[in-house]
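The values are calculated or read from the model by the stated rules, or taken from the named source; none is laboratory data. Everything quoted here is computed from the prediction, not taken from an experiment. A quick note on method: Cβ atoms are made from the backbone with ideal geometry, for glycine too, and the neighbour counts reach across all protein chains shown. The accessibility values were calculated without ligands, DNA or RNA, using every heavy atom of the protein model including side chains. Shrake-Rupley method; radii C 1.70, N 1.55, O 1.52, S 1.80 Å.
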Amino acid sequence: MNRLNLITLGVKDMVESLTFYRDGLGFEVFVYGDESSPDVIFFNNAGTKISLFQIDRLVKDINEENPPQIGDSFSGITLAYNGKSREEVDEVFVLAEKAGAKIVKKPEVVFWGGYSGYFQDPNGFYWEAAYGDSWEFDESDMLIISEN
């Protein structure tokens, strides 16, 4: 079972989330039920990857000066968008901010040599948008994970 097909986010407001992801960030979605009160919303996006990162380092990566507290305010889950350039990462942040995201850490050069920042969606989920000079992508624009 080496595949993940779906990540479900439990959100506080389905309509606000639909507006944020579809209208703000431009995701293609399928809404089941009435748009004013959706039963479920599915994203039609390319495949997804999972990574592991030490949680105490993860909270500091999000905000070193004021890291989120593990538990009540932070579940330990972040979602990532891997861009093909710094400019693409910056464009994602412009979209996110216009859509109502809270910018937690503006994109900057980070310890691993890449370019990365974090924002929160209206439900408090942390998104990282990042770029790395050595990254490669497959035909579906998914990051290729390989040994160095």
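The table below gives the values:
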| read-out | value |
| --- | --- |
| Share of pairwise Cα separations in region 96-139, more than 18 Å, in percent | 36 |
| Solvent-accessible surface (1.4 angstrom probe) belonging to D90, in square angstrom, nearest 10 | 60 |
| Where W112, W135 fall by accessible area, highest first, once all protein chains stay in place (1.4 Å) | W112, W135 |
| Heavy-atom accessible area order for L95, L58, largest first, 1.4 Å probe | L95, L58 |
| Table column - 3J(HN,Hα) (Hz), region 96-101, Karplus curve with 6.51, -1.76, 1.60, x for Gly and Pro | 4, 5, 4, 7, x, 5 |
| Under-5 Å amide H pairs with G117, H placed in peptide plane, nonlocal only | E108, A129 |
| Check: the chain dipole with +1 on Lys, Arg Cβ and -1 on Asp, Glu Cβ, in debye | 300 |
| Relative contact order of the chain, pairs being alpha-carbon contacts under 8 Å that are 6 or more residues apart, as % | 21 |
| Debye intensity ratio I(q)/I(0), log10, region 76-125, q values 0.23, 0.27 Å⁻¹ (C-alpha model) | -0.88, -1.15 |
| Portion, in percent, of the accessible area of the chain that falls on carbon or sulfur, probe 1.4 Å | 48 |
| Other-chain or far-sequence residues with amide H under 5 Å of V29's (modelled H) | N44 |
| Relative contact order for region 79-148, counting Cα pairs under 8 Å that sit 6 or more residues apart, in percent | 33 |
| Alpha-carbon Rg with Dmax, taken over the chain, Å | 15.6, 48 |
| Antiparallel DSSP beta bridges within region 1-146, as percent of all bridges there, nearest 5 | 75 |
| Accessible area in the full protein assembly, largest first, 1.4 Å probe, for K12, K60 | K12, K60 |
| Per residue solvent-accessible surface (Å²) - region 42-148, probe of 1.4 Å | 66 |
| Residue-wise HN-Hα coupling along region 81-89, computed from phi with Karplus coefficients 6.51, -1.76, 1.60 (Hz; x: Gly, Pro) | 10, 9, x, 9, 6, 4, 4, 5, 4 |
